[in-house]
Structures are given as structure tokens and as C-alpha cells.
Amino acid sequence: MTDTDQERDRNKETAFYKFTQQTLPACKPVLTPAWVITIFLFTGCIFIPVGLVTLRASRSVVEIVDRYDAECVPEPFRIDKVSYVQDDSIPKNCSRFLKVHKYMKAPIYIYYQLDNYYQNHRRYVKSRSDQQLLHGRKYHGTSSCQPVEFNNDHAIVPCGLVAWSLFNDTFKFIRERAELKVNRKNIAWKSDRDHKFGKKVYPYNFQNGTLIGGGKLNPRIPLSDQEDLIVWMRISALPSFRKLYGRIEEDLDVDDVVVVHLMNNYNTYSFSGKKKLVLSTSSWLGGKNDFLGLAYVFVGSSSLILALVFMLLHLRYRRPYRDTIYLPWNRKSLSV
Amino acid sequence: MPLTLDISLSQTRHCNNRKENPPIAIIPTSSFPWDPGFVFGMDSKTPVENLYSIEPALSSSSRRSNFSIQSKASGGNSIREVTFTDLGSKPVRYGSHGADSETNALSQKEINDEDARLVHINDPVKTNERFEFAGNSIRTAKYSILTFVPRNLFEQFHRVAYIYFLVIAVLNQLPQLAVFGRGASILPLAIVLLVTAVKDAYEDYRRHRSDRIENNRLASVLVNYQFQQKKWKNIQVGEIIKLHANETIPCDIVLLSTSDPTGVAYVQTINLDGESNLKTRYAKQETLTKIPEEGKITGLIKCEKPNRNIYGFQANMEIDGKRLSLGPSNIILRGCELKNTAWAVGVAVYAGRETKVMLNSSGAPSKRSRLETHMNLEIIILSLFLIALCTVVSVCAAVWLRRHRDELDFLPFYRRKDFSDGEEDDYNYYGWGMEIFFTFLMSVIVFQIMIPISLYISMELVRVGQAYFMIRDTQMYDESSNSRFQCRALNINEDLGQIKYVFSDKTGTLTENKMEFQCASIWGVDYNGGKASSVDGYYVQVDGKVLRPKMKVKTDPELLQFARSGKETKEGSHVYDFFLALAACNTIVPLIIDTSDPTVKLIDYQGESPDEQALVYAAAAYGFMLIERTSGHIVIDIQGERQRFNVLGLHEFDSDRKRMSVILGFPDKSVKLFVKGADTSMFSVIERSLNVNIIRTTEAHLHSYSSSGLRTLVVGMRELSTSEFEVWHSAFETASTALMGRASLLRKVASNIENNLCVLGASGIEDKLQKGVPEAIESLRTAGIKVWVLTGDKQETAISIGYSSKLLTSKMTQFIINSNSKESCRKSLEDAIIMSKKLMTISDTANNAGGTSGAGLTPVALIIDGTSLVYILDSELEETLFQLACNCSVVLCCRVAPLQKAGIVALVKNRTSDMTLAIGDGANDVSMIQMADVGVGISGQEGRQAVMASDFAMGQFRFLVSLLLVHGHWNYQRMGYMILYNFYRNAVFVLLLFWYVLFTCFTLTTAITEWSSVLYSVIYTSVPTIVVGILDKDLSRRTLLKDPQLYGAGHRQECYNKRLFWITMIDTFWQSAVVFFIPLLAYWGSTIDGSSIGDLWTIAVVILVNLHLAMDVIRWNWITHAAIWGSIIATCICVIIIDALPSLVGYWAIFKIARTGLFWLCLLAIIVVALVPRFVVKVLYQLYTPCDVQIAREAEKFQSQRATGALEVEMNPILDPPRR
């Protein structure tokens, strides 16, 4: 054994000794006024700029939101919207005019937004079979898909409430009589397409049952390419949500008017859900949402105020500090 | 015969009642109504141990008298072989104790047949006819391979926590309620069960192994008139067993004969009660001559059913048509070792699990800590909170279902009807009422961790960790006895931080119980050595071999000179008599031990009373070396000349006379009586008219000895005339052969002869204070802990020890209560209360005048004795005593019995909510140790009973300071914080889940994946809290010891109280709201999917919870860093792994969301916003209303460099840290 080895051993031993005696070297931070004020100043200095940048990013997003579910029901049917939407014989087309109030740079994302739609309802969330989506008819354990599991004793592919209630309004965008090209590829997560939805699974008996819930699928396209379904099946967290419909890859100028021809197929009337069409540009932050920016600015300024308050407190009521003399028992002996 | 027995029975009982001196020999230690008068050195002994101090060699007084008469008749003074011819005489034990046990044995020995076990000697077949007695194989292992799984599970599920786990898991298996997947819900329970099972299995394997070794040991057993080797496990009750020296005893055996002609066997009971000195056991006279190999021994032993009293045994033996009674001195117990006896033969009466040692092997008592009791209340609040949350959810769900009842059939996200079979069925809908009920149950499953089950497991782990550090603490390591601190109870660590009362035994606890002969007053001359005393080892040479006493004693040169001068001078003869008395008048057995040097032999004095040992060692140092003690004579080496004295009679110590005496036949045929005893009892039998001056000076010396804290004994002597001796002898013979009331008869005989003594002198023995005791008491008192000393010693000794241990100071006003009736007790108590109130008001006004309050109270000390306590305890005066004691800063109780000790502890414990701690070392402290909230045993000289009964055991009293002020303080602070933190940690998660439920139609969907829910309390957040619970220190050891007042934090319950609980809960509410609503608002109406936002919530809450902890960590060492940051990293890794499994819903979510800036901004905002209120409150509190601990912490941080030098000097001797 060399000397260094021995030394290392000794060190190890003393380290262990220190451990057992609970005297490991330790840092013991103590909050002093200086530290506290610095921490608040620092927080304020970080949060206000970040908040402003965030706010700017949010403000830079141009968003056109159009609620169409009420308007798109013809006047005579407005009393009973549910029967309107359920009646296949009535044409569902509807046109909306969207005015661009600010220059929108491509890509412009097209979302449909549903409000008061509880995609996160427990029954709904559970009613799907991820295995079947991947393996198709080969997979038999589809009991979780109830109540939309079988059609004529064959498992529905894809089964479950989620797939069954696929959103099926369609949108066409026309600007100055020319149709705007909408890119509907790559709207779903690549990871989902590659690993969660089978490349050889075809929806051969989808939406054939007695009760039609929503959109139908082209039985000749495998599930991995049914991007609308994939988007729909990524369950939304909140009861008010947007889902990506496609992208317009042309810029829109101020005062452009976009005519939207839409098929108002999807039934949200039965539970008074709202349907909205959203055209939105995007920033690094995502969509338009001022909340976080405002929150940051608010927190930042509160921190600065707190720093100020502590500074004043410190100047006004400076506590005699860091001396055991101020322990009560020592204080007593002092005054006596 | 039966008739006689009956009569004797009633009469002895009567006699016992009258004397109010219950039989000592057979009753268990704890129920002994102590006679407050065990004088020398006995105060910390069990009465039963005293029994063993009976002069060992004599078992037949008739034989002895026989012999003494012979020697007298022959007139010779030569040493002659003792021949025992008169063996047919009635076996009579000698001395009052022996007689006591004998009579008592008779009085209680009519064991009913159904309560008795019948053992046919040497007839195991007949004995075991009915298969009712256990064999000798033992089984300490709990499980076998077959029973392991069911039994272990059964034992584990004794814990309520596990049952809660199980119920939740079972609920979750119901299809209607399956909130989590099957695996996820069972996993945590399975892990816990598995870990515990593996631990149990390993422990049990070790027990199996040791059982096997134990069971296969060999012993020689009589089979067909021949001793054969037999495995222990095959030994049966009724078999005759032969033991050889240094063998371990395989089962409980009644002695039949030994190698010693008088039937004595010495056993070492260290495995049983930890006492290392030898105990003597006797074979009955009648069985001594039976040689098992030759003649068939037949007989019947009728003994009591197996019980766990190791000091009690009652039986009788019918042999040769005679009926003999057997007591605890006739039995040797399993686990003891035979010593100094070539062989011993006995019959097995209890075997295997029915032996006393096995019946006594039980675990430590289980206590529950104060903090945990408080905590359980908070847990009930949390349960109510849980029920409230579940009720809110189910009511909301009900309202929702009601309002949407018409839409339910077709709601795309609900769809009650199932149309797939053609006919319409309700799908998973059980009606409105059931849906509500199921919702409730499901919410219980989802919110289950509101009840912090993991907290119980964490607490156990933390306590183990804390115990580890307490055990490893080198400052609680006793080098002299090589003993570490022991944690026997693992669940009251934190109670150590809240102790308000310490009840301490004196002997062996405050003092070392190593008696040291200090000074002597002989014939009115005080020899206290002065400065000139030296420690010379006296030795004698025999056959070229050096024989020296094992212990060296400080000697006074002048006295040594006199001792050597022989009997010629007057002083010399007094000194001679004095030391002869010391060497002879005792029950010490000298043992010769070999040393590594073959020419040197050590002589070791074995005896029960340390005082006697000290006296004999002292005598040896002055040249009166006791060499040999047998039944009838002693050999004393006097200044190098061996002399033999016949022991004609010995009156043992008893608590009535408080003295003992021995009658010695001198080689010149003169007969002298030597008496030694407590001063009070001796001066009443001393002839006052003789040597008045000497008596007076002796009394003065005694006074000065006892006020300097020495234990005193007075020695007296009288020469007996032949007629006197004859009278005594016949009386003694009659008394010792008497069938009834033998004890009192013997006592009377002794009293009759012990009179008109001439005082020889007095001895002063120092009961040395243990190291650091005064400092320790000082620290404890400064810490606001009230120290009460409860001792069996007499008042003067107790007060002097009180002064020397700084318990009492000269500034104190003392109230001494010594009363002999209830009325006088009441009066003195009331007077004392009035006085103490007066004192208090005086000091108050003085203080008010001085402008401060509370400082400089006149300290009051209460000194009360056992006799007064008899009238006070268990009467209405208790309350008065308690009031008085509360006003006193010191309470000293002297002459108290073990049960009174417990009574005093109970007095305080039942009347206040303050925590009590009892510390003691002897068997007489057991009841007190068990009564107190925390029992501490000193593993010292006196055996292990105190340790066995205690929760913590340590080597020295002074370690109490480290234990309470340092470890207690830390443990309390850590545990208090940990409990609050665990409440917070679980509640914040539950609330987070709850908020989300409000946004999912109250259907208990969780955005956080079920695996994260399960792992949250297992992996994500568990390690840091345990590490902090074990390692964090609010203050350094040095600060805590320097300012013992800091201990007050525990008294004031600063670390865990209702207020903190509610503040924590409000903080929890705020933090959970922040964690939930910031992402909610930031992502409202966006494309965010459930898994992604769930991941955000998971990571946010874990980081938040860990940073919350980090904010409160006081000392950051590398382990803390590793635990906290490691947990956060581990969480991220777990989340990534969960999201990398394609089969789970959240596939790839974390990778998607972590790529967006919004995620990180949310995270930062959550953590800052959530922690700001807590931080602000903490800062305000710390800066503007700092607690003591806070100030001390700052001082520690900023003053350490400046004051290092000063502190080093101040470090007190409690602390001399053993450097390596």
C-alpha cells in the first residue's frame, strides 16, 4: 500500500467519523436582511423583463376567433338545433366571413375550438384501446372501449367513445374567390403517428353502427395516416380546448376577407357546447395568452415592492443581530 | 405431619403480619413494600439480591454447632478437617433470611395439586406421562418455511397503516372503482410488504441458526445409572443432569448434590441479570449423599407452574418419605454458568420455553411518543379533510348528473346507453345514488395519500437513523465499561427533546457505586489520611507466591503504622480489633485468581454489598487479609501470619436490626462478638457508660463523615463469657431448629446478644460521584429540566451528595419533611407551601423593584423522606405535595422504596402534561423506569434489569446531557418538522388532484399519470424528507451545550403545534392553488393535452415540494444536496421513462411540452409565486420575532470565528471528546 493510499484511507475514515458524529462539513445559510433584499430585487429584475417579453410575444400573435355554432343553424331550426344537426337530409353547409384586422404571417394555424366539451371526462378518457389502435383486429382485449366496442359481434376499429365522437366539421377557405391552400399534413404528433397508431390498421367497420357519433374515416387509409383522428384522440386537458385543423401557408393582409365554407356536422347542441373557428399566427410562446406575461410583470413588481418594504423595515427596526447577548437569558443578566 | 404443617402455616402467617415484614425470598421485586431501612449499600439492591448475600457456606446450623462444640471440646486451635457425621439432623438454614424463606416456604408451600407440576426425580417417563411439559429444545425463531408467508403477512397487517393501504388497493380492484390500474395500485403495498418480509426472513434465519447451535449443545444426563452425553434439545423434565465447572446450565435445575461437601454451588448469572459476581446455591442436605450412579434416587418434586420470576421459586421435595421445602436458593437457572464448583448434580424441573430465562426474554416495551400522539389528532383532522374533499366531489358530481340527466344518454363524452347489442342497456351506470356513492369511494382512492401512510414508514426509518447516530456518538460512549449508547425503544426518540422532569436514582447513577474506603475513626481517633495517604498494594507471600488483593486502597500512613505494630500498644490493639472486625464481620467470599504472572495471585472478594467489599479490601490493605472462608471458620492473614478463627455464629443483616454480627472463636479459646451496622442502630446497643468520650468523638466523626458525603458504618465488639456463650448457643440452636417463626426467633437471639457493646470505631466509605455529574445536573437545570433525586440512602448522605453534585446550593431554602403521621405531614406540607409562596412574592417584589421579572427567584429545595411519603402518596395529600414540588427547583427524596419511586413519577406524570424521564441502574429503579415517559437505564455495576426495562441505556449519567440537550433537541426538531412537511407534501398533491377534478365534471380523471401518483410518495419526494429528518441540525452540539436554555424549544413545543399545523395547511392550500391554476390559466383554450399538462404539474409539484424543503434545511451537507437535487432529477427521469413507453397515453408528451418556452415559464412562475408567501412570513418571523434557536443560529454562524478561543475554554467536562 502506498502512502497516498493510506492517506486516502485515513481520509475516508475521518470522513466516516465525521458522518457518524454528524459533523460533516456543511453550509448553513442564514437569512440576513441583505440577503432577503437581494433575493427580492433579483427576482424583480428577472421577472419584469421576462414578463414584458412574454407579453410582447403574446400580443404579437394575431388571432381571429369566430364562433359559428349558433349562426350556422338556419333560422327555422334554431328552436331545435339538435334535431337539425342530427337530420342527415338537411344540408349543413354554412358560410362565414372573416375579416383580417392585422397582417398575419404564414404559417397561419387553423384550429377548431370546443367549449364546454369534457374530453377529460373519466368515462370518455377510458373508452379507448391503445393496443387496438396499434394492432388493429388482431387485438381482442377491447373491453375498455365500452359502450362502443362491437358492431355485429366484430370489434369496431377504432373502438371506443373517443374515436366514435370524432369531430367532423370541415372548413374551406376562400380569399378573393381563390381557394386558400390548407395544409392538413403533419398536424398530429409524429410520435403518435409512428408508435401509437398502426400502419396496417384500417378502420373497416368504423361508424357503421346504429348510432353515429361523429366523423367517418376512409377505410382505405391506415390509422397512422388519419391525422384528424390522431389529433382528436390526444385527449384535451381542459373542457375548453383547441385542436389543430391545418395550416394556411400564405400570408394574410390587413382587411383581407376570408370566406369560410364549412359543414356544420358536429353535434354540440345537445350539451350546449360552443364551436369556434380560430385562425392564429404563432410566436415562440404559442398562442395568444396574456396571462403569463401579466403574471410575470405582477410578480416582478411585487418583488420590487417587497424589497423596498424590507429595506424600509430594516432601516426602521434594525434588529440587533448575530449576538447571543440577545438571547433572553443573557438579556436578563444584562439588565440585572 | 400435615397437621403440624397446618398449625405452622397459620402461625407463621400471623407472625409475618405482625411484623409487617413480608417474606423476602419469594416475592417478585416490583411488589415488595420496601422497608425504608436497608442501610449499607443496599439501597439500590433488590431485596432478593440481599438474599444471596447470605453467608454461603453454611446450610446446616446444626452441623455448624456440632462442629463448634467439637472444636471447643477438643480445646484445640489447630486447623482440622471438618467431619460431617451428623447428617440425619433436620436441615436448618442459618440466619434470619434463610429462616424467613424457610418459614415462608412452609406457609405458602401447600401448592394445590392443580397448580403444581409434579416432577419424578430420575423418572422422565413418568414425569412426562401426560406430555404437558415442554421439552428442552428452544425456538426463538418465529417462522418456519411453510408458515413464513401467512404468518409474516398476518403480523405485518397488524399495522393500521397497512390495512388502510390494503383496503384502498382492494377497493381499486372493483371494476366500478378501478381508478388506477391494478399494478399501480398494488405496487406500493407490495414493495413495503416485500422489503419488510425480506428483513424479517433474514432475522429469522439468524435466529434459526442460533437456535440450532443452542439446541445441539451437549450435557451429561443420567441414563441407566450412567451419565451420558445428550443434546440439550433432548433433555426432559425429571432427568438428572450433571454439570461441570464453567458449563452453561441447559435448563432450570433443582440441585441435588455438588462437589462441595456442604452442597454449595456457585453460579454466575451474567446471562440472566448481568451481575458478574457469583451467587451461591445450595443442595439440600438430604440429597447430598445420594450418588445417582449407584443408588436409585426416587422422589417427587412438586413445584409451581413455570413463571418468569427469576428470583422466586417454590417447591417441595418428597424424598425418603420426608418432605423438604425448596426455595429460590435451591435452583439453578438455564443460561447461568457453574463456577468454582467441580460438579453439580440436579434434576431438571423446567425445560425449554418454560425456563425462567426464556419466559423472561421479551422485547422492549413499546411506547408511543408524545409527538406521535399529537400527530394522530392532526391525522384525524386530515381524515376529516379527506372526507370533506370526497364529499365535495360526490355532491358536485351528483348535481352535475342531475342537471344533465336528460342529456346523459347521448352526451358524446358520457353516453349512458349502450346500443351495441341492439337492445339499449345502461352502460356502467348504476343509478343516481350508486353513482354518487361510487364517486365518493373513487375519490377516496384518488385522494388516498391525504392520510400520510408513508409518514409512518418514514418516521420509522428516520428513527432508525437517529438511533444510529445516537449509538455511534462517541460522546455517549463509555470507555470504562466499553459500552455504547443503546436505543432499545425505537419510537420515542423525539420525546427526548421535551423532557421536563428527570427522576434520578442516586447510587450507581449519580455515583459510581464503587465504594472506596476513605477514612476510619478508631477509638476516638480520626484517621483520614490527609495528604500523606498513599496507595500501596499490600501483599503476602505464601510458598514463594505473592498473594495480593485485587483492588488497591488508599491507606493512611499513621494508621498503617499502628496496624503493623501489633497488639502490644493500646492503639495497636484497638486498631487490631477494628480491622479484625472489618475482615471477619461480613459475608464476603474470597476467591483466588491466577494472573499471567505465575508467582502472583490475586485475591478477589466476591460479595453482594459493595460496602462490605470496600471494607474487606481496606482491611486487607492494612494487613488483615481475608484468605479463606468456609462453613465454620475463616482464615485471616494478619500481618503475614495466618490465623484461623472459628465462626461460631453469624447473625445476618436484616432491615429491622440494621446491623449484622459474627461470633468468633479465637485460637486462645476466647469468644468475641463483632457487630457492624448503621450508626442509629448501633448507638442504641452500645454501652453508653463506657468510654463516654470515645462515643462522643466517634459521633462527631460520624457527623463530619456523613456531611462530607461518606457512607458510615459503626463497628462494635464484646467479649463473651463462656456462660453467655452457652446461653446464646442453646438459644440459637432452639431458634434455628424451630419450625415456626424461626426468623423472628433468630432475630430475637441476635438482639439479645448484640448489646452492651464497646464501640471500636467507625468507617467512612466514599460513594464516588460519577464523572461530570455536577456539571450535568447544572446543565439540565439550566435547560429548565427539573431534576429530582430519589434514593434509598439516608437523609444526611442524600443531602451531602446533593451538595457535592450541585443539586443543592447554599443559596437554596430547604424544606425538610420528616414526619411520622399523616397529620404532621399535612402540617409540614402546608407550612412549606405558605413559606414557598412567601419566598416567591418576596423575590417577585424584589424583581419588580429591580425592573425585571422572573430573574433571581430564591430557589427552594424540598427534601422528603420515605416515611413521610408513605402517608402522602395515595392520599389526598398527593395534590399538596405536587403543588409544593412544583414551586421547588429541587426535590430530593431519601429512603424511598422502589414502588414509592414509581409513585413519585406517577405523581408528576398524572398531573401535568410534561414529559418525565427516569434514570436508574438497579432493579429497584425498574418500576420507576417503566412508569416514566422515557426510561433510561445505566448499564453499570448492578446488573441489567434496569437496562432491560429501559428505553435507552447508556454508561454514565453525564451522557444524559448529550442525550437530551443535543440528540433530544435535534430529534424533536427534526421529527416535528418532518411530520408537518409530510402533511404538507401529501396534501399539496391531493389538492392538486382535487382542483383538476373540478374541471372534469367531477369524475376523478387525473392528468397526472397513475404511475406518477404512486411514485410521488415513494420515489419523488420520500428520500429528502428522510435524509433531512436524520441529518439536519438546527444548531451545533457546541451551541446546544453552551446554552442549555435552548432546550426550552422542546418544552414550548416550538417545532410542532396546532398553530404550525394550520399555518402549514393554509400554505399548502395556497401552493396547490398556484401549482394548479398558473398552468390552467396559461393553457386555457389551447391545444394542450392532458398528459402534457399532467407532466407539467408533476414536475412542478415535485420541484416545489423539494424546494420548500430546501428552503427549510438548515445545514447543507453533501448528502442533503444529493437527496434533494437527486430527487428532482430522479423525478424527471421517471417522468421521461413513463412518457417513453408507447403503451401509455402520455407517450412522448414530456418531450413535446419541454420544447416549448411556455412550459419553463410556467414552471418558474409556479415555484416563485408558490414560495413567496412562505418566504416572506419566514423572513418576517426570523428577522423581527426571532426565537431563541434562531438567534443562537445566527450567533453560531457569525460569531464562531471570533469566539472559538473562548468557547474552547468553556467546554465543560461533560464533553471531553475522546479524540481518535
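The values are calculated or read from the model by the stated rules, or taken from the named source; none is laboratory data. These numbers were taken from a predicted model, which means no experiment stands behind them. Methodologically, a virtual Cβ is constructed for each residue, glycine included, from the backbone with ideal geometry; neighbour enumeration extends over all protein chains shown. Heavy atoms of the whole protein, side chains included, go into the accessibility calculation; ligands, DNA and RNA do not. Shrake-Rupley method; radii C 1.70, N 1.55, O 1.52, S 1.80 Å.
General remarks:
- Pairs from the list B:K554/B:K658; B:K339/B:K748; A:K81/B:K1152; A:K200/A:K276; B:K279/B:K322 with a Cα-Cα gap above 32 Å: B:K339/B:K748; A:K81/B:K1152; A:K200/A:K276.
- Neighbours of B:C1134, meaning other residues whose beta-carbon lies under 15 angstrom from its beta-carbon, give a summed charge of -3 when Lys and Arg score +1 and Asp and Glu score -1.
- The distance between label points at A:R184 and B:F1077 comes to 4.1 nm (points 7 Å beyond Cα on the Cα→Cβ vector).
- Fully extended contour minus Cα-Cα distance, from B:D914 to B:R212, at 0.36 nm per residue: 248.0 nm
- Per residue of peptide A:26-37, the mean number of Cβ atoms on other chains within 10 Å of the residue Cβ is 6.
- P(r) tail for region B:235-360: Cα pairs beyond 23 Å make up 22% of the total.
- Once the Cα atoms are used to define both axes, helix A:33-60 deviates from the longest principal axis of chain A by about 20 degrees.
- Label point at B:V546 placed 7 Å out along Cα→Cβ; residues across region B:605-638 whose backbone nitrogen lies under 16 Å: B:621
- With 10 Å bins from 0: P(r) over region A:62-282, alpha-carbon pairs, percent: 8, 31, 34, 21, 5, 0
- Value of relative contact order over region A:62-282, rounded to a whole percent, pairs C-alpha under 8 Å and six or more apart: 41 percent
- Nonlocal amide H pairs with B:A283, under 5 Å, H built at 1.01 Å: B:V264, B:A265
- Acute angle (nearest 10 degrees) that the helix A:3-20 long axis makes with the longest principal axis of chain A, alpha-carbon atoms: 80 degrees
- Among the listed pairs A:K172/A:K288; B:K199/B:K506; A:K99/A:K274; B:K233/B:K302; A:K102/A:K181; B:K567/B:K601, those beyond 31 Å (Cα-Cα): B:K199/B:K506
- Region B:903-981 shape via C-alpha gyration tensor axes, a/c threshold 1.5: oblate
- Between the alpha-carbon centres of region A:226-266 and region B:560-614 there is a gap of 110 Å.
- Extension gain, B:R139 back to B:L490 (0.36 nm per residue minus Cα-Cα distance, nm): 123.9 nm
- With a simple spin-label model that places each label point 7 Å from the Cα along the Cα-to-Cβ direction, the separation between B:T734 and B:I816 comes to 4.3 nm.
- Average beta-carbon neighbours from other chains, 10 Å sphere, peptide B:1140-1150: 4
- Accessible area buried between chains B and A, both sides summed, probe 1.4 Å, in Å² to nearest 100: 8600 Å²
- Förster-model FRET efficiency, 41 Å R0, B:E879 and B:K514, C-beta, rounded to 0.05: 0.55
- Remark: mean inter-chain Cβ contacts per residue of B:1187-1196 equal 5, using a 10 Å Cβ-Cβ cutoff to other protein chain atoms.
- Modelled this way, with points 7 Å down the Cα-to-C-beta line, the labels at B:E719 and B:R159 are 7.9 nm from one another.
- Cβ-based net charge around A:L180, under 13 Å, with every Lys or Arg adding one and every Asp or Glu removing one: -1
- Computed over region B:137-217: relative contact order in percent, which uses C-alpha pairs under 8 Å that are six or more apart: 50 percent
- FRET efficiency estimate (nearest 0.05) - Cβ-Cβ, B:N1057 to B:I842, R0 25 angstrom: 0.10
- Mean-position separation - Cα centroids, region B:861-940 and region B:1017-1080, in angstrom: 35 Å
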